[in-house]
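A.B. asks: This is the structure I have questions about; it appears just below.
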Amino acid sequence: GRAALEETGHTEIPLYGMIKDDFHKTRAMTDGENELSFARRQDVYVLIYKIQEEAHRIAVSSVMRAKSKTLTRSSLEAIPGIGPAKAKRLLAAFGSLRALGDANEQTVAAVRGISERDAKAVAAYFAEKKTNAGKKPGKKENPT
């Protein structure tokens, strides 16, 4: 907080912290010296509450987005020959697993750092996923 403001030369910006009660409900704000109670100012409390909720929503969605990106990248790393760097390049080039799965081998091989062998492995991976997508878990194919 304060150290970051000082580091960036913005010491003129006031900094306040939230004071919460035993039930984790915000009851006041402080600048480190003075306490500003919300007891008689419901309108101020509602504004601060909405700011807290929005900050929380942004933080959670940011974490979820990062987690999703990591999971997507790591699922590509299950493909033989595709490590973190190639997975990152493929996602950057295609934007999503769906777009990558729909791409042909030549388009995949055109990505910088991706060989024809890598492109074949990517195509095989997605072909297998598409084949298995129609099967129900635990059910065996009936050989006829």
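Any read-out appearing in this document is the output of simple, stated calculations on the displayed coordinates, not a laboratory observation. Since we're looking at a predicted model, the values are computed, not measured. Here the Cβ positions follow ideal geometry from the backbone for every residue, glycine too, while neighbour counts run over all protein chains shown.
A.B. asks: Suppose R0 equals 30 Å; then what is the FRET efficiency for residue 8 and residue 30 from their Cβ-Cβ distance, rounded to the nearest 0.05?
C.D. replies: In this case the efficiency is close to 0.85.
A.B. asks: Listed here are the pairs 20/67; 86/130; 50/88; 67/88; 25/67; which of them are more than 25 Å apart at the Cα?
C.D. replies: 20/67; 50/88; 25/67
A.B. asks: If you put +1 on each Lys and Arg Cβ and -1 on each Asp and Glu Cβ, how big is the dipole of the range 67-132 around its Cα centre, in Debye rounded to 20?
C.D. replies: 300
A.B. asks: For the range 67-132, divide the Cα radius of gyration by the Kirkwood radius and give the resulting Rg/Rh value with two decimals.
C.D. replies: My calculation of the ratio gives 0.91.
A.B. asks: Below 18 Å, Cα to Cα, which aspartates and glutamates can residue 120 reach? Residues fewer than 8 away in the same chain don't count.
C.D. replies: Excluding near neighbours in sequence, the set is 77, 102, 105, 128.
A.B. asks: Given charges of +1 on the Cβ of Lys and Arg and -1 on the Cβ of Asp and Glu, with all other atoms neutral, how large is the dipole of the chain about its Cα centre, in debye to the nearest 20?
C.D. replies: 1100
A.B. asks: A follow-up question, please. Could you tell me what % of all Cα pairs in the chain have separations over 19 Å?
C.D. replies: Everything past 19 Å amounts to 69 percent.
A.B. asks: Excluding residue 39 itself, what net charge comes from residues whose Cβ is under 15 Å from its Cβ, given Lys and Arg +1 and Asp and Glu -1?
C.D. replies: Net charge in that neighbourhood comes out at +2.
A.B. asks: Hey, another quick one. So what is the calculated 222 nm ellipticity per residue for the chain, using -39500 (n - 2.57) for each DSSP H run with n of 4 or more, over all residues, to the nearest 500 deg cm²/dmol?
C.D. replies: Roughly -18000 deg cm²/dmol at 222 nm, from the helical runs in the chain.
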